[in-house]
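A short worksheet on the structure shown next.
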Amino acid sequence: MPSTAPATTSSPLGADVETPPPGRWSRWRPKVPRYSAWFARLVVLLAMAGVLLPEEIDARLDAAGQLLPLRAQAYATATVVAASLLILLMANGLTRRKRRAWQLMCGLLAVNSVVFLVRGVDLLGAVASLSLLLLLLAARAEFYALPDPSSRWVALRVLVTFGSGSALIGFLVVLRYSHTETSTLHAAEHTLLGLVGVGGPARFPTDHASDVATITLATLGLLTLLFTAVVALKTPEPSPRQSPEDVARLRTLLERHGDRDSLGYFALRSDKAVVFSPSGKAAVAYRPLSGVSLAGGDPIGDPEAWPQAIEAWLHEARRHAWTPAVLGASEPGATAYHRAGLEALELGDEAILCVGEFSLEGRSMRVVRQAVNRVTRAGYTVRCRRVGEVDPQERAAIRAAADGWRDGEAERGFSMALSRTAEDVDPGCVLVTCLDPDGELCAVLQFVPWGSSGLSLDLMRRSRDSENGLIELMVSDLVLRAAPDLGVERISLNFAVFRSALERGARIGAGPITRAWRHVLLFASRWWQIEALYRANVKFRPDWEPRFVCFQRARDLPRVALAAAEAEAFLERPRLASVIPFGRRG
């Protein structure tokens, strides 16, 4: 006789869980996190309607007044308002399958169900809360995601978010319960004072109305203070960083397989985490940001082990409910990610110079040749050296100068930036420095190793007072003079976003959609260097290699785009990340 015992499978956290038999519920259960968030918002709307709608309040006061004293009803109303605000803030945590959000939500719904009845026999609100509670309990296995790493801004975010919500709801309560002649200004003043336990100028028609407003404001203010204090004093979880062992393993993989991807060395960025395949022969470096696990470039290591490394990275993303995405994958890398279930979209092209084929001769190189000749006659000189060959004192001066020339406070770059300059840990990087006629440093380029015979541009800075044409001189000197001595055969320059769209839109006979898209890109170039990067590369007549962005679903693209813009520092804002379940930052 066949066994009827339920099967077991491994959960995203690695523990064995019971697998329900096939059926309608097993098909619907994975959708519970997304739908329960909207159900939670419906519960909040019912709660607010019960507090703010006059007809509902009057009817319930008549019914409940026979059962409970008015002061108890006032406390119950304040509890419903405070709990509803917490439920609203945690709804996003349910969508992201956060375990802590599920735990707190279940507790709040249980409390809400009771106080809905205490407030005034609110059967509709109580039934909605209980229904959502039972649904969450039945689908508890779907809420498995671990908390996100925290940041030092978490308490500020809680204070601003929760405090703003408390002030808004308190203001509506004061308007509803106060005399009709109470002005908006007096209601706002009463709200702000009430949140800190002080009486305000608003007047109320009955003692019960005054109790409801006063207790609600005091409860919201106290809850905001306590919640902020708890989060501020909580020991933060460590942000993802590479351990010394991880760095050593990555460097070993780069020594063996670094020739495959020009972006491979950037996996050593200090703000990236790394996950290895079970065999240790491949790895994926990523950065969790705004709920997105953002990987850069191709997996590192043996292509035979790429699928296992990608699966390990996706598993880590599932554990934290992060949206997986890849920025700047090459065609082989995008193919590997596509086989793992991600979609790929061409993002732009990488400019690559072949040392043996590069020359300043010919009409097509006239602009570069003229720039090189002009600054050479002006007395500018170039030096190309490995970082390990540069004196520590000079390296410190180069770092200071590069920081001073940076445009803005943020260090831009993610997929093609190392985030450090001329450091001891990168002796194989190449520094190209330019001195003005007086012998003062006026420009610096840093290239990271691309395997054993290539370089990839990392840093490009120059003094604002220097001559135009310095970059052309420095790149040409590196390719034509220094590269053979350094054993370099190919050099990767900047990445040109939407390069093919800019070229096709400028051609004769381009269609209206292509031309319109080019105009959009040119308009965006007023804020971001889309066209400038393309033109800075195209004058060197490089070979173009396509680069891709990989994502799981089309609806994830807006979130991925925002995370990528923040990672590349195109969006500069305080990172108000949070360890609380409704936080967005990874």
**Complete:** Note, the range 106-112: 3J(HN,Hα) by Karplus (6.51, -1.76, 1.60, θ = phi - 60°), whole Hz, Gly/Pro = x, goes 4, x, 5, 5, 5, 5, 4
**Request:** Might you tell me the accessible area per residue for the range 266-308, computed with a 1.4 Å probe and given in Å²?
**Result:** 25 Å²
**Prompt:** Roughly how many Å² of Asp271 are accessible to a 1.4 Å probe, to the nearest 10?
**Reply:** 30 Å²
**Request:** For the range 133-146, just list the computed ³J(HN,Hα) in residue order, Karplus coefficients 6.51, -1.76 and 1.60, θ = phi - 60°, integers in Hz, with x standing in for Gly and Pro.
**Result:** 4, 5, 5, 5, 5, 5, 9, 4, 5, 7, 9, 10, 5, 7
**Item:** Cα centre as origin, Lys/Arg/Asp/Glu Cβ charges: the range 261-418 dipole, Debye
**Value:** 600 debye
**Asked** What order, most packed first, do the peptides 278-286, 243-251, 470-478, 417-425 have when packing is the mean number of other Cβ atoms within 10 Å of each residue?
**Response** 470-478, 278-286, 417-425, 243-251
**Item:** the range 361-402 - accessible surface per residue (Å², probe 1.4 Å)
**Value:** 60 Å²
**Asked** What are the ³J(HN,Hα) values, in whole Hz, obtained from phi via the Karplus relation 6.51 cos²θ - 1.76 cosθ + 1.60 with θ = phi - 60°, for each residue of the range 389-396 in sequence order, with x given for Gly and Pro?
**Response** 9, 8, 4, x, 5, 5, 4, 5
**Request:** May I ask you to give the percent of accessible area on the range 248-374 that is carbon plus sulfur, with a probe radius of 1.4 Å?
**Result:** 47 percent
**Asked** Out of residues 5 or more away from Ser456 or on other chains, whose amide H comes under 5 Å of its own, with H placed 1.01 Å from N in the peptide plane?
**Response** Val448, Trp450, Ser492
**Asked** Can you list residues whose amide H is under 5 Å from Leu347's amide H, if they're 5+ apart or on another chain and H is modeled 1.01 Å from N?
**Response** Arg547, Phe548, Val549
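The values are calculated or read from the model by the stated rules, or taken from the named source; none is laboratory data. Note that the structure is predicted; figures quoted are calculated from it, not measured. Cβ coordinates were reconstructed from backbone atoms using ideal geometry, including for glycine residues, and neighbour counts include every protein chain displayed. Just so you know, the surface numbers come from the protein's heavy atoms only, side chains and all, with ligands and any DNA or RNA stripped out. Shrake-Rupley method; radii C 1.70, N 1.55, O 1.52, S 1.80 Å.
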